[in-house]
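The structure under discussion appears below in the form of structure tokens.
The values are calculated or read from the model by the stated rules, or taken from the named source; none is laboratory data. Everything quoted here is computed from the prediction, not taken from an experiment. Every residue, glycine as well, gets a Cβ built from its backbone with ideal geometry; the counts of neighbours run over all protein chains shown.
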Amino acid sequence: MSSLAASFQGVHYKYPDAQQHSLAGVTLELPEGAFVLVVGPSGSGKSTLLRVLNGLVPNFYGGVFGGVARVCGRDPVALGPRGMSDVVGFVFQDPEAQFVVDSVEDELAFGMEMRAWPQALMATRVQEVSELLGITELLGRRVSSLSGGQRQRVAIAAALALRPKVLVLDEPTSQLDPAAADELFDALLALNKEHGLTVILSEHRLERVAQYADIVWAVRGPGQPVEAGEPRAVFRTSPLAPPVAMLGRALGWEPVPLTVEEARAQARPELLEAKKDGRRPPAPGPVRLAALGISYSYGERKALRDVSVELHAGEIVAVQGHNGAGKTTLLKCMLGLLRPQAGHVLLDGKKVHDLPLPEVIRKVGYVPQNPNSILFQETVLAELQFTRRSHGLKEIDYTAFLSRFGLAGYAESYPRDLSQGERQRVALAAILVAEPEVLLLDEPTLGLDYAQKKELIGFLRELRAQGVAILMATHDVELVASCADRTIILSQGQVVDEGPPGAVMLRHERYASQIARLFGDGLRLTVEDVLESTGRC
Amino acid sequence: MLNTAILLAASLLGLASLFYPFALPNAPQGLPTPAAHSADAPLVFIALVVLCLAAVAANLASRQMNSKVIAVLGVLTGMNAVLRAIPGPGGFSAIFLLPILCGHAYGATFGFLLGSLSLLVSALIGAGVGPWLPYQMLCAGWVGMVAGWLPRPRHPKMELALLALWGAVSGLAFGAIMNLWFWPFISPPAQHHIYWEPGLGLLDGLRRYALFYALTSLWWDAMRAAGNVLLIALFGRPLLQALRRFQRRFHFALA
């Protein structure tokens, strides 16, 4: 009988000045060495639950805490993060928030420095964790020069350097490309199975992780009890489930499949064989934004090499690729934020760098990867009003507009106090309220749950129907599967493939959605597609 | 309790040091100004720094402060020390804005510590160390401390008006008290009617000081007072909001 890594008894918690409890009556037990997946809608209290594990809640956030929490036999509430740091490693949603020093190597050593470990041991551990996470070549780099995914891996390595017994990760793969995410899960699985590390992670992209978990904690919503169970049992009823499980539920498969392989074993041949018409891409409108053979280097490092992209009115184009492949750089060049060293960018046929800035801003909206960087007003409402006013647009019914983003209740909230997913939506709303004709999105589904993603997809489709040209950099293959008309694969700054998502997914297994991998016909990419086709045959 | 005792001790020490020259039968007059208090200022300075640390320790022990509050105090002290470098006309200084707002939001002790420690830090990073330093630290500390004692009117505009009023009053009072560290020590041959002479009564002394203040210091201090009012009017509201947003995180309750 193994002992408990963590236990909660009647835990409840309320953030300072909050109207309602974020956690209420949470009672859970977790055996040592388990691999736990925490699922739940955005803003349901997943992050709050995780933060109790090392005492950040309530020690850092204030508020009112009740009940008993024990992690590795210690009381995180009494000891605080400092007293828990040697047994609980923590990786935040936004890795940037946890970096202390400039260089990657120093960052990995920081925790050990704080504990005054001998230098030789620190050097060994730095080497060990950087090999584990595949970041040895990054050791000499500055943290600020890393891509989002590289930062995430550095943050995980830093958390592992102290060899904690429990590793807590808050949406660790949200900024990773599919390959890097798989590598990360392989590494976590090895740590879990071979070293007995207890892993607790929250994740929205369940298709990546459902099969690895021993236990799922389903958080229904703020202040509601957390249900613990076997993955298969939870995903039979949970509103949040990986695409193949959703498909299995819709078609009455038992047991509910969690992986493509399990689904394939259950699917009847006629379903696999059934064909449907490919999605007809909309007739492209005029070219709004075009990059013509652009190249961009950060000092020595070439980020883009001779890239050409055309974006038409009324189409959604995805840009996919590894972390550090140049997706964000491409977006920034297309917006005119960065000036390519070769080639040029045309907005409606005119060079974007020759245009006056107000004209570019009036036409092009850009939502960066980190929503914090564009949120600076006191309230959510003020963010929207600021955008409208600075564009010289007249006031609108903001409440109705906010409710489209599931933000109706947050008009008076302080934007930076919201959850990651909520902030993402505020940033999106603040840009979209200016009614841009060209929209550039960097990882728009970061921190969004399935329901919100569905809403976003509906919204993007609606914008497309209105003739808005949308270019989005994303790792989210399910997003690409459900709404992109074309996708561009970047690798090391070059375009290596381009075409309709179905065709590209056939050629690049890594960028294929679960359903696309299940059927392999390049036509059915989402659960929606399959259900439509079965309805027809 | 301990807290109040420490602040009281620091204040009494400073007052005693400022006022003892008036009681001397043969004040060391005619000294060049920088030599005033050259004997006792270092002692007052050391005692003051020790008392500041004691206040922090006492607050930590009684759990009124924790590592988060100390971190906030440290960051704000650094910021305030840098703010002193902002040039302005006359005695204008941006250094009183934060002690007034923080003292009001976080309490008298925090205000006192922020005021006196930021004067100390700014002196070390360039504003200059001299026998005036302990008195500057005390006076700035008092500015923050009194801000902490002010009531909090329900209406935010009233609150700002009250703080701005204190900004104006403290701008003048800061100069009036600071002058005392050298005033009893100077006595040039002419204009002796505005300087202290040993054996002068309280009323005569006050009359002379009032004249001295009006002639030499008032204009200078008026600029400081006006600067305080302006800065509080401009930045008071958003800064108070931000400070209070952080305050909610300082402590948690167990239910």
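Worth pointing out:
- Of everything in region A:373-405 that is touching a residue at least 12 places away in the same chain (Cβ under 8 Å) and hydroxyl-bearing (Ser, Thr, Tyr), the residue that is surrounded by the fewest Cβ atoms within 10 Å (Cβ to Cβ) is A:THR399.
- Scope region A:96-138; condition small (Gly, Ala, Ser) and crowded, with 18+ Cβ neighbours inside 10 Å; matching residues: A:ALA109, A:GLY111, A:SER130
- Every pair of residues 6+ apart whose Cβ atoms lie under 6 Å, when the first sits in region A:433-453 and is touching a residue at least 60 places away in the same chain (Cβ under 8 Å) while the second is part of a strand (DSSP E or B) and of a type in the set (Phe, Trp, Tyr): A:LEU440/A:TYR366
- Failed condition for A:GLY343, given (1) free of Cβ contacts under 8 Å to residues at least 60 places away in the same chain; (2) over 16 Å from A:LEU331 (Cβ atoms): (2)
- Taken over region A:486-534, the criterion of being surrounded by 21 or more Cβ atoms within 10 Å (Cβ to Cβ) and in contact with a strand residue (DSSP E or B) (Cβ under 7 Å, 6 or more places away or on another chain) is satisfied by A:ARG486, A:THR487, A:ILE488, A:ILE489, A:LEU490, A:GLY493, A:PRO501, A:VAL504, A:TYR511.
- Only residues that are in contact (Cβ under 8 Å) with a residue 24 or more places away in the chain and over 13 Å from A:ALA241 (Cβ atoms) were counted in region A:252-268, giving 3.
- Counting the residues of region A:397-424 that are over 11 Å from A:LEU384 (Cα atoms), away from chain B (no Cβ under 14 Å) and out of contact with any Ser or Thr (no Cβ under 7 Å at 6 or more places or on another chain) gives 11.
- Test: B:PHE185 is touching a residue at least 12 places away in the same chain (Cβ under 8 Å), over 18 Å from B:MET137 (Cα atoms) and either of a type in the set (Ser, Thr, Tyr) or surrounded by 19 or more Cβ atoms within 10 Å (Cβ to Cβ) (or both): yes
Here is a yes/no grid of residues against (1) surrounded by 17 or more Cβ atoms within 10 Å (Cβ to Cβ); (2) among the β-branched types (Val, Ile, Thr); (3) modelled with pLDDT of 90 or more:
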{"residue": "B:HIS37", "(1), (2), (3)": "yes, no, no"}
{"residue": "B:PRO42", "(1), (2), (3)": "no, no, no"}
{"residue": "B:ALA81", "(1), (2), (3)": "yes, no, yes"}
{"residue": "B:SER116", "(1), (2), (3)": "yes, no, yes"}
{"residue": "B:LEU133", "(1), (2), (3)": "yes, no, yes"}
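- Restricting A:GLU310, A:GLU315 to those that are free of Cβ contacts under 8 Å to residues at least 24 places away in the same chain and either closer than 24 Å to A:ALA512 by Cα or of a type in the set (Asp, Glu) (or both) reduces the list to A:GLU310.
- Here the condition is being in a helix (DSSP H, G or I), within 14 Å of chain A (Cβ to nearest Cβ), hydrophobic (A, V, I, L, M, F, W, C) and under 27 Å from B:LEU120 (Cβ atoms); of B:ALA242, B:ALA168, B:ALA173, it holds for B:ALA242 alone.
- Verdict on A:ALA18 being modelled with pLDDT under 90, surrounded by fewer than 18 Cβ atoms within 10 Å (Cβ to Cβ) and within 14 Å of chain B (Cβ to nearest Cβ): yes
- If you go through region B:59-68 and keep only what is surrounded by fewer than 20 Cβ atoms within 10 Å (Cβ to Cβ) and closer than 17 Å to B:PHE112 by Cβ, you end up with B:LEU60, B:SER62, B:GLN64.
- Matching strands (runs of 3 or more DSSP E) fully within region A:188-300 where at least 1 residues are of a type outside the set (A, V, I, L, M, F, W, C): A:198-202, A:226-229, A:287-298
- Some residue of region B:193-213 being closer than 23 Å to B:LEU15 by Cα, under 20 Å from the mean Cα position of the chain (by Cα), part of a loop (DSSP other than H, G, I, E, B) and not charged (D, E, K, R): no
- Counting only helices (runs of 4 or more DSSP H) wholly contained in region A:495-537, the ones carrying 1 or more residues that are under 30 Å from A:THR329 (Cβ atoms) and of a type in the set (S, T, N, Q) occupy A:514-519.
- Hey, A:ALA157 without any contact (Cβ under 8 Å) to a residue 60 or more places away in the chain and surrounded by 23 or more Cβ atoms within 10 Å (Cβ to Cβ) or not: yes
- For region A:77-95, a residue qualifies if it is buried (at least 18 other Cβ atoms within 10 Å of the Cβ) and over 14 Å from A:VAL168 (Cα atoms), and the qualifying residues are A:VAL77, A:GLY80.
- Within region A:41-53, residues that are among the polar types (S, T, N, Q) reach partners that are at pLDDT 90 or above and in a loop (DSSP other than H, G, I, E, B) with beta carbons closer than 8 Å, at six or more positions or on different chains, in the pairs A:THR48/A:TYR15; A:THR48/A:SER22.
- Taken over region A:52-76, the criterion of being closer than 25 Å to A:LEU446 by Cβ, modelled with pLDDT under 95 and either assigned to a helix (DSSP H, G or I) or among the hydroxyl-bearing types (Ser, Thr, Tyr) (or both) is satisfied by A:LEU56, A:VAL57, A:TYR61.
- Considering region A:44-76, and only residues there that are more than 9 Å from chain B (Cβ to nearest Cβ), among the small types (Gly, Ala, Ser) and farther than 26 Å from A:SER174 by Cα, the residue that is surrounded by the most Cβ atoms within 10 Å (Cβ to Cβ) turns out to be A:ALA69.
- Qualifying residue in region B:215-236 (condition: at pLDDT below 90, within 14 Å of another protein chain (Cβ to nearest Cβ) and outside any loop (DSSP other than H, G, I, E, B)): no
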